[in-house]
Amino acid sequence: MPVSPFQIYTLLPKTNCKKCGYICMGFAAALASMEARPEDCPELLKPEFAENLKKIKELLPTGEKAETGLIITEERCIGCGVCVVVCEENRASEEIAAGKGPRFDAAVVLRVEDGVIKLVSPEKCKRTFKTPVFCRACVEHCPTGAIELVG
């Protein structure tokens with residue numbers, strides 16, 4: 001079950017200092033939607049908030065979901081490949097940009113395998129970059145809602 005921004009907010013310093021770019025409730029919402037990381041809040045990194053930081057990290061998803069924030073529901077996927085083509089990182093390939101689809105050995109974020117979409121290289125997703133870009137192209141263009149974001 002996705003974490004609610006309010007659950008996170010209760011653990012934040014509540015200073016509304018905007019050092020992270022948000023007021024605390026906005027930061028909580030950004031954390032819940034994976035658009036920010038707990039370490040983005042300088043106040044939360046202070047020793048007096050160490051326990052709260054630990055609790056926040058426990059609330060947030062881990063593994064592949066934490067890397068990209070993407071949740072793929074294979075049962076909803078019809079294998080249309082729209083997400084493959086709209087992914088900016090995938091479009092770096094001329095074949096994908098032309099709508100042909102990736103070669104099997106191509107290093108892509110998303111690929112249709114066995115008739116459903118697979119997240120094959122999460123590290124190539126813009127959402128995982130050192131300075132993340134919170135792209136939503138695959139989510140917004142999926143005609144069946146098979147791709148969602150955490151939060």
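Before moving on, here are some points about what is shown:
- Values of log10 I(q)/I(0), in the order q = 0.28, 0.30 Å⁻¹, for the range 5-60 under a Debye, Cα-only, solvent-free model: -1.24, -1.45
- Distance violations [Cα-Cα > 30 Å] among LYS46/LYS124; LYS18/LYS57; LYS55/LYS126; LYS19/LYS57: LYS46/LYS124
- Within the range 1-28, backbone nitrogen closer than 14 Å to the virtual label 7 Å beyond the Cα of GLU51 toward Cβ: 11-12
- 11 Å beta-carbon shell around GLU74, net charge (K/R +1, D/E -1): -1
- Neighbours of CYS20 by Cβ distance under 10 Å: Lys/Arg scored +1, Asp/Glu scored -1, total 0.
- Within the range 134-150: backbone nitrogen closer than 16 Å to the CYS80 label point (7 Å, Cα to C-beta): 137-148
- Estimated FRET transfer efficiency (GLU39, GLU88; beta-carbon r; R0 30 Å; 0.05): 0.70
Taken together, the values in this text are just the output of simple stated rules run on the coordinates, not laboratory data. Remember, predicted model here, so these are calculated numbers, not experimental data. Cβ sites come from the backbone with ideal geometry, for glycine too, and all protein chains shown count toward neighbours.
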